[in-house]
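To start, the structure under review is shown below, and the notes come after it.
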Amino acid sequence: MQNTFLVIIEILGTLAFAISGIRLASAKRFDWFGAYVVGLITAVGGGTLRDLLLGLTPFWMLNWSYLAVTGVALLLVIASGRYLIRMQNTFFIFDTIGLALFVVVGLEKTLAEGFPFWVAIIMGTVTGAAGGVMRDILINVEPLIFRRDIYAIACVVGGLVYWGGSLAGWQVNALQLLTAATVILIRVLAVKYHWGLPVLRGEEADGDDN
């Protein structure tokens, strides 16, 4: 049951992240193949980096379903036409869902390999955020993780919630949902209330203000 629940989370996260990447690619007027590549890298990039760091075979090389799910995401975007592409909140919604679900996947897979919790929190953040960095580089925009938006920090907080709940002996499936909900809530509140970390200002930035 536990493994099945985690697989469902991973598939849903793959679909959400793939849609977010394909949606941005469509805004840049990529062709279908280019959009698929962007969607796939968005969906599997973070998990691939996680697996390489943990000394594992990248997960998508062991199961073709992630390639298929990305194809489904492309078909959904194509079928929805301009409606999904023009929705202002589409990217944010799917990116946030994918981020939250992949944090959970990264945590679980790292802990299953016997690594301590501090490593799991880092790998959860990598799983959630690295794919988005690769996506943004591919479409030539400033990576979201480097902007003032609360992004990677939401992943870290989600990991800390998971850690605290685990110490308290909470049931695993409920803890996974709480962790994902925490990441989503932080992202939504950060955007709504314009939360962000302080900007580091150097000499060049000070000169530009004059």
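Derivation of every value follows stated rules applied to the coordinates shown; laboratory data play no part. Everything numeric in this text was worked out from a predicted model, so none of it was measured. Heads up, the Cβs are rebuilt from the backbone with ideal geometry, glycines too, and the neighbour counts pull from every protein chain shown.
Among 139-147, 123-131, how do they line up by average Cβ neighbours within 10 Å per residue, starting with the highest?
Packing order, densest peptide first, comes out as 123-131, 139-147.
For the chain, complete DSSP H runs whose alpha carbons reach 27 Å or more along their own long axis and whose mean Kyte-Doolittle score is 1.6 or higher are 90-112, 172-192.
Between the C-alpha center of the stretch 163-192 and that of the stretch 1-79 there is a gap of 22 Å. Each of 103, 60, 4 was placed along the dipole of the chain (beta-carbon charges, centred on the mean Cα), and the one lying farthest toward the positive end is 4. A full extension of the chain between residue 12 and residue 166 corresponds to an added length of 53.1 nm, given 0.36 nm per residue minus the alpha carbon distance. Does the chain come out rounded, prolate or oblate by the C-alpha gyration tensor, with a ≥ b ≥ c the root eigenvalues, rounded set by a/c under 1.5 and, if not, prolate when a/b is larger than b/c and oblate if not? Here the chain falls in the oblate category. Extension gain for residue 5-residue 197 works out to 65.7 nm (0.36 nm per residue, less the C-alpha to C-alpha distance).
Packing, taken as the mean count of other beta carbons within 10 Å per residue, orders the peptides 58-64, 33-39, 150-156, 191-197 from highest to lowest as 150-156, 33-39, 58-64, 191-197.
Highest mean first, the peptides 13-25, 173-185, 42-54 sorted by other C-beta atoms within 10 Å per residue fall in the order 13-25, 42-54, 173-185.
The charge dipole of the stretch 2-196, taken about the Cα centre with unit charges on the Cβ atoms of Lys, Arg (+1) and Asp, Glu (-1), comes to about 560 debye, rounded to the nearest 20.
Using only DSSP helix segments of four residues or longer, with each worth -39500 (n - 2.57), what per-residue ellipticity at 222 nm results for the chain after dividing by its residue count and rounding to 500? Please report the intermediate quantities before stating the final value.
Values: 9 runs with 158 residues, N = 210.
Calculated at 222 nm, the ellipticity per residue is -25500 deg cm²/dmol.
Which of the three applies to the stretch 108-148, rounded, prolate or oblate, going by the alpha-carbon gyration tensor with a ≥ b ≥ c and a/c under 1.5 meaning rounded? It is prolate, given that a/c is not under 1.5 and a/b is the larger ratio.
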